[in-house]
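To start, the structure itself, in structure tokens.
The values are calculated or read from the model by the stated rules, or taken from the named source; none is laboratory data. All values reported here derive from a predicted model rather than from experimental measurement. Neighbour counts run over all protein chains shown; Cβ positions are idealised from the backbone, glycine included. Only protein heavy atoms, including side chains, enter the accessible area calculation; ligands, DNA and RNA are left aside. Shrake-Rupley method; radii C 1.70, N 1.55, O 1.52, S 1.80 Å.
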Amino acid sequence: EFARRLPEQTAPAMGRAPLEELVLQACLLEEQRGKGSASPGEFLSGAPEPPPGVHVERACAALVEIGALAEKPGGTYRLTPLGYHLSHLPMDPKVGKVLVVGCVLRCIEPALTIAATLSATKSPWLPHFPKKPHTRREAREAQEALVHDGFGGEAWPSGTAKGDVVASLAAYRAWALAAVPASEAPPDKQRRAFAETHALDHNALREIEGLRDQFRDTLRAAGLLRPDGGGDEHGEDALLTSCALVAGLYPNVATLVRPSRDKKFRGGRLLTKDGDACRPNSNSFQSQRVRQAGEAGKDVYAVYHAKHITLGADNSTEARKQRHREPFLDSVNFVSRFAILLFGGQIRVKKNALIVDDWLKFKVGDACASNAVLLVELRKELDNVLLKHVVKENAGSEDEQADDYCDRVIQVVRQLIKL
């Protein structure tokens, strides 16, 4: 039965893979030919087996949403300054935006680790200690202790950032620092031993290390890194790092729906833009937090990397099928509402609320209406800082006045995120 349902041949790659990176390349080629704007659908229709038009439209809409493309009359598009740089970065545009914003916020080292983690083929977390399959609980305890004491943990000086990507960042930092120069053991052997005692995948962490080096070279070639090696003045700041994560993963935003007696599910859920009530991945460090959410509390927001749906087996009961078909979110990271307002989509003031992309509503109250206007103005200044950074021909260009202005804006953002 299963073999009968299989297609006779695999669908072309253009029909299966995300098209955002390909659309950026098409727009870049069209602009290099002197065209004022490009029609990605028309350009890609010349391929031997072109992708479906709806897939191209979806990719263009996603790139407009992250600020990489500007839509023009007649269904054509033009690269923005951000899109121009992203078209020169051989990676998922969202991952590239994490790196660009990390350069602007001067937290490039954690941004490199985030980008590498999102691009890696394997998770750095093991389900149990190596060669000890019955140690799942002990392995989880060791991992949670590593997250608690690491980057963005409860005692981290620059603030706490709860999330799966931040947890992987903490694990990578601890693994990288495990190699003590004074030790007689080779660095790789020391790191492998550290990975084994904390239920980490040593090979996955080495892959992340290699991707970090590749991404750093790519940023340097694109002129986004300073020649003197600077640009990581806020590399220890977990809250600013979470802002770079929001910038890259938006519009993958979810709000926490708290449990109540009139709801059909127990525990909390994460409500996405398309209305799906989701759970975090079962391996997520945030799954327990969502599951045990109380009925009362403040609004909570999260960004995530991807959404999946697990299908149940045909011979399962109807209730079990429904449960297995429930969507879940991968790499859930809780973030400040101000991070979404400043690094998410377009915002506007409507009465006593701030609306992000006409779907995410943040109430500010009648007495704080002036604060809403100030937030909108701060967002404009932040967009100007990003624009000035990406249009510079070289990140090392001397402009002390612009650097001071950037520092002041970043400090205001930092103080706001702490609230």
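Summary table below
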read-out	value
Mean-position separation - Cα centroids, the range 16-49 and the range 160-218, in angstrom	38
R0 of 45 Å, Cβ-Cβ distance residue 260-residue 25: FRET efficiency to nearest 0.05	0.40
Within-9-Å neighbourhood charge of residue 347 [Cβ basis; K, R +1; D, E -1]	+1
Under 13 Å, Cβ to Cβ, from residue 273 - net charge with Lys/Arg +1 and Asp/Glu -1	-3
Cβ-defined net charge surrounding residue 158, 15 Å radius [Lys, Arg +1; Asp, Glu -1]	-2
Potential lengthening between residue 402 and residue 310 on full extension [0.36 nm per residue; Cα-Cα distance subtracted]	28.2 nm
For the range 94-247: accessible area per residue (Å², 1.4 Å)	43
Two-decimal Rg/Rh across the chain, once Rg and the Kirkwood Rh are taken from alpha-carbon atoms	0.97
With at most 16 neighbouring Cβ atoms within 10 Å, loop chymotrypsin sites (Phe, Trp or Tyr not before Pro) (DSSP) excluded, longest segment of the chain	1-264
Kirkwood Rh and Cα Rg combined as Rg/Rh, the range 94-247	0.98
FRET efficiency for residue 273 and residue 137, using Cβ-Cβ distance with R0 set to 41 Å, rounded to 0.05	0.70
Reach of residue 351 by Cα under 17 Å, taken over aspartates and glutamates that are not fewer than 8 positions away in the same chain	366, 377
Cα-based reach from residue 132 at 16 Å (exclusive), listing aspartates and glutamates while leaving out same-chain residues under 8 positions away	141, 196, 201
Cross-link pairs 72/350; 122/189; 350/380; 162/418; 94/350; 307/388 - those with Cα-Cα distance over 24 Å	72/350; 94/350; 307/388
The range 94-247 - percent of accessible surface contributed by carbon and sulfur, probe 1.4 Å	54
